[in-house]
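The values are calculated or read from the model by the stated rules, or taken from the named source; none is laboratory data. Note that the structure is predicted; figures quoted are calculated from it, not measured. Cβ atoms come from the backbone with ideal geometry, glycine included; neighbour counts cover every protein chain shown.
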Amino acid sequence: MSHFEIEVKSLLGEKVRAEALRQKMQELDPGCACVSTNRQLNHYFEGGDIFVLYEKVVSLLNEEQMMKFKTLTGRGSSFSVRTRQRDDEVLLVVKASIDEGTSENTVKRMEFEEPVAVTLDVLDALVLEAGYTYQAKWSREREEYVYKGANVCLDYNAGYGYLAEVEKIVSDESLADQVRAEIDELMLELELEELQQDRLARMFEHYNQNWPEYYGTTKVFIIE
């Protein structure tokens, strides 16, 4: 079954604002809980051929994963390919936009995010064999919370600093607009300002041009 990700980002920047968000969620939802903490390496790719990529990785996928991949390539557009190591788990991630944004940074996306039984280096090599090249490498520390039925990720991203993502995932694309409205309500009560797509695009571009300076560090930059 395909999954549709509706996600809104808010740039927090400083640690004190991240701590305030944790406190606010606990105050407004006593059932709010941190369900996961992890360290991640995320490698972004550009160029390449999504259909060649499928042929390169198909041997790593089970039948359900194959169907998810095929559905995404048939329904989505502007594909974003990345590999991820989350603690000791390695995942192949492909996202495709279903709105006016890009697959890298947008609100509504189809998402394929599946574990594979190889190392990050081996998976990267398969992606490169499909004609892709590295766009950038990212590192982050993530805390994942469940808040009033939504997933709230509190990240410390190299380059960006603290960032919050409020997300819901649905299996029915027709629910996307309704879910976006629900997320907007949650953002309002948590006093989170949406990070606008044009500013996010500028930040993303700056990082991509300078990622070796930030990858694996705690350095941050400010782009208005």
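Reported count of residues in the range 151-189, each being aliphatic (A, V, I, L, M), surrounded by fewer than 20 Cβ atoms within 10 Å (Cβ to Cβ) and either touching a helix residue (DSSP H, G or I) at 6+ places or on another chain (Cβ under 8 Å) or within 21 Å of Thr218 (Cα to Cα) (or both), is 1. Screening Val57, Val52, Val81 for residues that are touching a strand residue (DSSP E or B) at 6+ places or on another chain (Cβ under 7 Å) and farther than 22 Å from Asp198 by Cα leaves exactly one candidate, Val57. Here is the figure for the range 1-24: residues that are over 19 Å from Leu200 (Cβ atoms), among the hydrophobic types (A, V, I, L, M, F, W, C) and under 21 Å from the mean Cα position of the chain (by Cα) total 2. Listed by position, the helices (runs of 4 or more DSSP H) inside the range 120-224 whose residues that are more than 30 Å from Val58 (Cα to Cα) number at least 1 are 176-189, 197-214. In the range 203-220, the count of residues that are farther than 21 Å from Tyr44 by Cα and free of Cβ contacts under 8 Å to residues at least 24 places away in the same chain is zero. The criterion of at least 2 residues that are among the polar types (S, T, N, Q) and buried (at least 16 other Cβ atoms within 10 Å of the Cβ) is met by the following strands (runs of 3 or more DSSP E) wholly inside the range 1-94: 33-47, 77-86. Within 30 Å of Leu190 (Cβ to Cβ), at pLDDT below 95 and either over 16 Å from the mean Cα position of the chain (by Cα) or not acidic (Asp, Glu) (or both) - does that describe any residue in the range 42-53? Among the residues of the range 42-53, not one is within 30 Å of Leu190 (Cβ to Cβ), at pLDDT below 95 and either over 16 Å from the mean Cα position of the chain (by Cα) or not acidic (Asp, Glu) (or both), which makes the answer no. Just to be sure before I move on: is Leu21 over 21 Å from Leu128 (Cβ atoms), of a type in the set (A, V, I, L, M, F, W, C) and touching a helix residue (DSSP H, G or I) at 6+ places or on another chain (Cβ under 8 Å) in the structure I sent? Taking the combined requirement at face value, the residue does not satisfy it.
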